[in-house]
Amino acid sequence: MQRVEREIERLIKEINYDEVTRLFGMLFGGKRLRAKLILKIADSNEKAPLLAAIVELIHGASLLHDDVIDEATLRRGVASVNATDGSKTAVMLGDILYSKAFTELISFEKEIARIIASSVTALSKGEMMDVKMADEFNSDEEKYLDMLYLKTATLIEASAEAAAILAGKDSSSHALYGKNLGLSFQIIDDILDIISDEATLGKPAMNDFVEGKCTLPYIYLYKVLNDDDKQKLLSLHAKALSEQEALWIKEKMHEHKTVEKSFELARKLSGEAMNAVSEDVELVNILQTMIKRSY
Ligand code: FPP
Ligand code: MG
């Protein structure tokens, strides 16, 4: 991973603008899940750290824009760039990072560049759907999972597929691994938003629902509530929750085991991801660590 961090540093230096270096230095790196995946799959290839750096710049750019869109003041436990330096700066920094990433992509074979570039269109579509779906309470599980696939899983799927091509490995099984890992990862993230506290999350707890996002535990809850409680849940959608209201939601989720039900789906998808690459112990380990994260 040090090789990836060095590549990222080199690319940022090449942008040759102190303000970008300063702002980038304020971003906390995060888990670097996509980079780790690329290194695990294509470790023997000398261009793997560059591909990993490219994907992390794209991911970083998407989060900068996402925080502007979500009006989020915290990212990974620290103030977001839009909070410290304003939304205009956050958007422009995002533009610089992802255009730099795209410039670097041209040194890879066409198929790799196409896979990464088209996944960015998909994730942008997913973000747009996410924002649109937050206008109203969404109780459609399939619609939610379609959006999740685009918004979160496509870049992970593309990372795994492109790394496999780079390493001369089977690209479709690695793509399937990345897709299911990405979906499972996001479902667990959605669960953590509900069961963790602000200190652990690095952002306010139950923030998804406050932002209007009806994640799986809310979708499952809506389906099983009686009419009065359905109305109550709808009335709380996309609003700042009092402690009592948050507690009511959590108690109902506990009563109807909707977090467990969501976790079951995450576990099922992880299982499918493992089956796709069952002979690769390290890739299987990544999934097991991810599943444990939710405890
Ligand atoms: C986080 O979702 C957001 C994403 C994973 C994708 C955002 C994509 C864009 C803004 C498209 C633009 C892309 C580029 C490359 C500029 P979330 O809000 O559910 O998660 P969070 O809790 O981490 O904010
Ligand atoms: Mg967000």
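Data for the structure
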| item | result |
| --- | --- |
| Compactness of the range 229-295 - radius of gyration and Dmax, Cα, Å | 17.1, 49 |
| Cross-link pairs beyond the 30 Å C-alpha cut-off, checked among 36/151; 36/239; 40/250; 232/257; 88/143 | 36/239; 40/250; 88/143 |
| Over 18 Å between alpha carbons, listed pairs 13/110; 31/203; 47/169 | 13/110 |
| Estimated dipole of the range 25-181 in Debye, rounded to 20 [Cβ of Lys and Arg +1, of Asp and Glu -1, Cα centre] | 560 debye |
| Overall form of the range 93-181 per C-alpha gyration tensor (a/c, 1.5; a/b vs b/c) | oblate |
| Area of residue 142 that stays accessible when all protein chains are in place (1.4 Å probe, Å², to 10) | 130 Å² |
| Amide H contacts under 5 Å for residue 75, placed H, 5+ residues apart | 80 |
| Heavy-atom accessible area per residue - the chain, 1.4 Å, Å² | 48 Å² |
| Whole-Å distance, taken between Cα centres, linking the range 154-219 and the range 84-100 | 23 Å |
| Cα gyration tensor shape of the chain, rounded if a/c is under 1.5, else prolate or oblate by comparing a/b with b/c | oblate |
| For the range 195-248, Kirkwood radius (reciprocal of mean inverse C-alpha pair distance, Å) | 11.8 Å |
| Percent RCO, i.e. relative contact order, over the chain, from Cα pairs under 8 Å lying at least 6 residues apart | 17 percent |
| Chain lengthening between residue 278 and residue 2 when straightened (0.36 nm per residue, less Cα-Cα) | 96.6 nm |
| Residues in the range 133-165 that a label on residue 238 would reach, taking backbone N under 12 Å of a point 7 Å out along Cα→Cβ | 133-138 |
| Extended-chain gain in nm, criterion 0.36 nm per residue less alpha-carbon gap, residue 288 and residue 99 | 64.6 nm |
| Area of residue 200 that stays accessible when all protein chains are in place (1.4 Å probe, Å², to 10) | 100 Å² |
| Three-way shape call for the range 86-243 based on the alpha-carbon gyration tensor, with the a/c threshold at 1.5 | prolate |
| Under the span-like rule (Cα at least 15 Å along the axis, Kyte-Doolittle mean at least -0.5), DSSP H helices of the chain | 48-70, 87-105, 110-133, 154-167, 171-195, 258-276, 281-292 |
| Added length on full extension, which subtracts the Cα-Cα distance from 0.36 nm per residue, residue 248 to residue 22 | 77.0 nm |
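The values are calculated or read from the model by the stated rules, or taken from the named source; none is laboratory data. Values in this document were obtained by computation on a predicted structure and should not be read as measured data. Glycine also receives a Cβ, built like all others from the backbone with ideal geometry; neighbour counts cover every protein chain displayed. What goes into the accessible areas is simple: the full protein's heavy atoms, side chains included, and nothing from ligands, DNA or RNA. Shrake-Rupley method; radii C 1.70, N 1.55, O 1.52, S 1.80 Å.
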